[in-house]
Every structure is written in structure tokens, then in C-alpha cells.
């Protein structure tokens, strides 16, 4: 389960930021996960909940926002949302596109007290 290793890395980054800020605890972490990132949000949420059982993240709130997948057709220039990579352009029906968003996995913000 790669969501567990992602969760542990997020917690490690948050703890490092807490130490740098000389704070007492982490109040909130806001994550952004792209639809095409390969991360299952519910699995990540579960892994984070299990991993934060003790330490400075014990009572922290963790929010996860999902970024939709956006593609641009390299044949006609049309931008469109997609559920996955395996789709043709709804404008010209070509399979010649690239992702312009939806592959993100970011820590958007960390609130420390």
C-alpha cells in the first residue's frame, strides 16, 4: 500500500516544519491530490489517521482536496476534463493529448500552533 508510505512522508514533513517553527502542535494539514496521481484518497485518509495516533499530529485536522484531471488536445488545442488518460478528445476524437493538471500530490498548507 503506497498510500501508507505517502502518509508517513507527509507526517515526517509536517513534523520537520513544526520543529523549524518551534511550535507545539500541528493544528491542520491541507493536501491536494490530483485525480491522475494514482493515490486513492480514502486509502490515504485512512493511512494518515492510523499514522497520526500519537505525536504532534494526534488531534490535527487533515483535509484533502481533489484536483480534477485536465487535458489539452495536441491536435486541436481543446482543453477538457477526463477521468483517466485513456480517452479521446471530445472535440476532434483524436487520442493525442497531455495532462495539464490532475497529477498533483501536494501539501498545500500546514497550520502550526
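The values are calculated or read from the model by the stated rules, or taken from the named source; none is laboratory data. In this text, all values refer to a predicted model and were calculated from it rather than measured experimentally. Here the Cβ is made from the backbone with ideal geometry for all residues, glycine too, and neighbour counts use every protein chain on show.
Tabulated results
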{"item": "Verdict on residue 55 being more than 17 Å from the chain's Cα centre (by Cα), on the phi > 0 side of the Ramachandran plot and assigned to a loop (DSSP other than H, G, I, E, B)", "result": "yes"}
{"item": "Of all residues in the stretch 80-90 being assigned to a loop (DSSP other than H, G, I, E, B) and surrounded by 13 or more Cβ atoms within 10 Å (Cβ to Cβ), the one that is modelled with the lowest pLDDT", "result": "85"}
{"item": "Set 61, 42: member being under 21 Å from residue 3 (Cβ atoms), without any contact (Cβ under 8 Å) to a residue 40 or more places away in the chain, surrounded by fewer than 13 Cβ atoms within 10 Å (Cβ to Cβ) and out of contact with any strand residue (DSSP E or B) (no Cβ under 8 Å at 6 or more places or on another chain)", "result": "42"}
{"item": "Verdict on residue 77 being part of a loop (DSSP other than H, G, I, E, B), exposed (fewer than 14 other Cβ atoms within 10 Å of the Cβ) and modelled with pLDDT of 95 or more", "result": "yes"}
